[in-house]
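Values in this text are rule-based calculations from the coordinates and carry no lab data. All of these numbers come straight from a predicted model, not from anything done at the bench. In this analysis, Cβ positions are derived from the backbone assuming ideal geometry, glycine residues included, and neighbour counts consider all displayed protein chains.
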Amino acid sequence: MLKILLIAMLSLSPIAAGAGAWARDEGTLFIAAGGNFLLSDGAELPVHYDPTVYAEYGLTKRVTLGLDVYTADKGRIASAFGFAAVPVGFITGANRAMVSLGYGYRLNPDTTTEALMRLGLSLGRGMDRGWLSADMSATIGMLDTTWRPKADFTYGHIWSDRWATTMQLQTGIGYYDDEYVKLSPTIIYTFTDKIKVNLGAVKALSGDGGSALKLETWLTFSTQGLGRIIHSHRVTDRPAQRLIEHKPHRPLIRAIVVVSIGDLVHHLPGPVLQRTICRDRLDVPRAA
């Protein structure tokens, strides 16, 4: 039943989301890395350590490029995707949508490698102090030619300039064509505009019912200042790290989409990989 529901949702559009519903700012690089720890006794599927690395770069105002690398199934499966995402319609306003196309490779449990293609659709709505998002994707292996869908649904709330929380429902079809459902609450703390930490938990509602805590670090860099300096051939004696100008925050709020990363496997630590794909800033567009 879950498989039918996911495929029905994905049939609304041919593409699913790798970058979430909010485009990355032009010239901005976002990197997220983390995984699960303190697993419950017997936790193997669909929750395990599931380390991930996820990155996005705003090539233009409307084009976001990304990299999604993760392991799952107790480390027996490793996948790496490159993807491009573009918004559908306007890039302002409360309601947003992005479509994405990804291509990558998977190391299967039998040590064979397989090329993969991933299509995605992300929908988001900014609210006064938070956001709602739905990230849907489907991945097909070039060898087994099987489409495996997944869908993550997130509610986020902004409590202050430093604190935010999310609640995410993660669903999908794993590598062995079994259905999984997981629930993942998180707390996000902002140290600076460039550094955020995501601490949370993940609880399986299927499989062995295992659970774990999870920790992710989110880093954001602006490359626009450095690009302008290189382009104009200016010389400076300032330290290299000061050549990069930080782009000031806009007062509006943009969504943090926790990127889910287990498109083909049972594990989705949370995007980072948990692709449910996470946003680097707590500035989701406010509802009109």
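What the table shows:
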| quantity | calculated |
| --- | --- |
| Length released on extending from residue 37 to residue 62, taking residue separation times 0.36 nm less the Cα-Cα span | 5.4 nm |
| Global geometry of region 56-107, whether rounded, prolate or oblate, following the gyration tensor of its Cα atoms and the 1.5 cut on a/c | prolate |
| Low-density loop positions, chymotrypsin sites (Phe, Trp or Tyr not before Pro), region 47-92 - DSSP coil, at most 14 other Cβ in 10 Å | 90 |
| Per-residue Cβ neighbour rank within 10 angstrom, fewest leading, 92, 145 | 145, 92 |
| Greater than 18 Å apart at Cα, pairs in 194/214; 182/214; 74/203; 74/214 | 194/214 |
| Whether region 124-231 is rounded, prolate or oblate, judged on the alpha carbon gyration tensor where a/c under 1.5 counts as rounded | oblate |
| Ranked list, fewest to most other Cβ atoms within 10 Å of each Cβ, for 103, 180 | 103, 180 |
| Ranked list, fewest to most other Cβ atoms within 10 Å of each Cβ, for 181, 99 | 181, 99 |
| 14 Å reach of a label modelled at residue 199, 7 Å along Cα-to-Cβ, counting backbone N of region 33-56 | 37-38 |
